[in-house]
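Student: Can you keep this structure in mind? I'll have questions shortly.
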Amino acid sequence: MEPGSDLVAGRRRAMSAPRRWIQPLVSLLGALLLSGALIALPLDVERWGRLGYLGVFVLTLLSSATILIPSAALGAALKFGAAATLNPVLVGLLAGLAAGVGESTGYLAGRSGAQLAQMEQRAGYRQIAAWVRRFGVWPVLALAAVPLPLIDLAGLAAGALGMPFWRFLSACTLGKVVRFVPVALLGAWLRARGWL
């Protein structure tokens, strides 16, 4: 061992310690800023509806990118599904795809460091993390299909546990499609009866 090598190694560790926190901190701040912007800025479903399928995708993507904050995505899918010019099954598929991609913010926040989100102290997060650890993608799929923000906790856990991104995205998107296709079909059914 060379003289002074411990000192060099110690300096490298000291210099890399702040770098370890930069990426997680930037990821968390970005997710929080996006969530805050989506709350502060009103999303006009009627205006987005004029964009057709692109409007479905973009509005659902933006409203699903929040973490632990309920979004307007279900209402948007219902209204878009009721549009006479759009196919409700395609609306549900696009909304599910966009919502799955939007939920990546939770996964990325978990991947960058779940301790920053202070989630591991909460019993609900610990339970969902245990399910994700034990059953893999199945809790992600199931929680993505439920209209509650529990998918955010599953995304945080999947990221923190190192689940491959493509597996998370596939399970989350499938769950969101299972959730949004019936909602869009309900919108079409309500429109056909003159209730929407």
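The values are calculated or read from the model by the stated rules, or taken from the named source; none is laboratory data. Source: prediction; values computed, not measured. In this analysis, Cβ positions are derived from the backbone assuming ideal geometry, glycine residues included, and neighbour counts consider all displayed protein chains.
Student: Given the criterion modelled with pLDDT under 95 and in a helix (DSSP H, G or I), identify the matching residue among 156, 196, 148.
Tutor: 156
Student: Pairs needed: first member in the stretch 54-68, more than 11 Å from residue 101 (Cα to Cα); second member anywhere, in a helix (DSSP H, G or I) and at pLDDT 80 or above; C-beta distance under 6 Å; at least 6 residues apart or different chains.
Tutor: 56/91; 56/94; 56/95; 67/105; 67/106; 67/152; 68/152
The rows are residues; the columns are (1) within 20 Å of residue 65 (Cβ to Cβ); (2) crowded, with 23+ Cβ neighbours inside 10 Å; (3) touching a residue at least 24 places away in the same chain (Cβ under 8 Å); (4) touching a helix residue (DSSP H, G or I) at 6+ places or on another chain (Cβ under 9 Å).
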{"position": "105", "(1), (2), (3), (4)": "yes, yes, yes, yes"}
{"position": "145", "(1), (2), (3), (4)": "yes, no, yes, yes"}
{"position": "154", "(1), (2), (3), (4)": "yes, yes, yes, yes"}
{"position": "165", "(1), (2), (3), (4)": "yes, no, yes, yes"}
{"position": "179", "(1), (2), (3), (4)": "yes, no, yes, yes"}
{"position": "192", "(1), (2), (3), (4)": "no, no, no, no"}
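Student: Every residue in the stretch 69-108 that is more than 14 Å from residue 190 (Cβ to Cβ), assigned to a helix (DSSP H, G or I) and at pLDDT below 80, please.
Tutor: 73, 76
Student: I would also like to ask the following. Since residue 139 meets every condition but one in (1) free of Cβ contacts under 8 Å to residues at least 24 places away in the same chain; (2) outside any helix (DSSP H, G or I), which condition does it not meet?
Tutor: (2)
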